[in-house]
Amino acid sequence: YLTDYFDNTPESCQKLVLRCIDTMLKPEYHKYIFYVHNFGRFDAIFLHKILLDYNLGVEPENQYKLLPLYRDNRMIKLDVIKTINNKKVKITFFDSLNILNDSLSNLCKDYCVTNKGIFPYDFVRKDNLNYKGSVPEYKYFKDITLEEYKEYSSNYNRNWYLKSETMKYCLQDCRVLYKILLSFFKENFENTRVYGSKYVSLPSLSFANYRARFMAN
């Protein structure tokens with residue numbers, strides 16, 4: 001959590017992101033693909049900059065090697081490579097929005113997956129990250145009805161904790177995306193025998209499906 005890295009310097013966020021990437025850059029995850037929904041329009045902007053800034057201050061052997069792939073000025077893929085114990089480890093980030101071009105909320109309905117829940121995005125500020133108390137007001141939530149807000153609030157009695165709710169929401173966000181992609185890739189494979197995770201976008205996957213079904217010998 002971000003407050004675990006606060007030391008009154010601008011590098012607090014950088015430390016959090018670097019810790020995250022380093023926990024993924026392990027030999028057992030070599031060549032793994034990590035999907036991030038809306039990666040190119042949001043996460044990639046911050047992630048790429050932080051890794052580039054870090055590289056400026058360290059020796060070449062300790063740097064992250066970054067291999068981005070862009071389409072229409074938007075990053076759709078990012079390879080991150082680093083030498084760990086004299087072995088190169090590579091992980092790859094894909095933007096799942098390029099595979100399933102819809103919001104996670106809508107995709108949950110389409111694939112019959114329990115939604116990721118609700119969260120008061122507009123409530124979060126750098127000076128209240130450890131807030132404890134009543135559920136934030138309705139105005140801080142987006143795209144929910146007043147009835148949904150009341151039902152959510154009824155689960156708390158002035159014991160709502162931003163840190164735990166943030167971590168719970170992020171974890172559920174990951175689970176939801178995983179279940180949706182698993183269902184989509186499984187259905188695609190059953191129909192075409194094509195591994196969808198090899199392809200960075202729906203057009204490239206569609207062409208692979210076409211080749212497999214109609215151009216195979």
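The values are calculated or read from the model by the stated rules, or taken from the named source; none is laboratory data. All figures in this text were calculated on a predicted structure; none of them were measured in a lab. Glycine also receives a Cβ, built like all others from the backbone with ideal geometry; neighbour counts cover every protein chain displayed. Accessible surface is based on the protein model in full, side chains and every heavy atom, while ligands, DNA and RNA are left aside. Shrake-Rupley method; radii C 1.70, N 1.55, O 1.52, S 1.80 Å.
Fully extending the segment from HIS48 to LYS198, taken as 0.36 nm per residue of separation minus the present Cα-Cα distance, adds 51.8 nm.
Rg ratio for the chain: its Cα radius of gyration over 2.2 N^0.38 Å, N being its residue count, equals 1.18. What does the extension gain come out to for LEU56 and ASP110, with contour length at 0.36 nm per residue minus their alpha carbon separation? Full extension of this stretch gives 15.0 nm more. The stretch 30-94 and the stretch 123-142 have Cα centres lying 32 Å from one another.
The distance between label points at LYS186 and LYS142 comes to 3.1 nm (points 7 Å beyond Cα on the Cα→Cβ vector). Calculated mean residue ellipticity at 222 nm for the chain: -13000 deg cm²/dmol, from DSSP H runs with n ≥ 4 weighted as -39500 (n - 2.57), summed, divided by the residue count and rounded to 500. The reciprocal of the average 1/r between distinct C-alpha atoms defines the Kirkwood hydrodynamic radius, which for the stretch 68-181 equals 17.0 Å.
Between PHE34 and THR83, the simple spin-label model (points 7 angstrom out along Cα→Cβ) gives 2.2 nm. Computed across the stretch 6-91, the Kirkwood radius stands at 13.7 Å (inverse of mean 1/r, all Cα pairs). The aspartates and glutamates within cross-link reach of LYS90, meaning a Cα-to-Cα straight distance under 13 Å and a gap of 8 or more places when in the same chain, are ASP22, GLU28, ASP79. Each label was represented as a point 7 Å from its Cα along the Cα-to-Cβ direction; for ASN130 and LYS168 these points are 2.0 nm apart. Positive end of the dipole of the stretch 11-123 (Cβ unit charges, origin at the Cα centre): among VAL113, LEU52, PHE93, the Cα lying farthest that way belongs to PHE93. Ranking of SER183, SER201 by solvent-accessible surface, largest first: SER183, SER201 (1.4 Å probe, protein heavy atoms only, all chains present).
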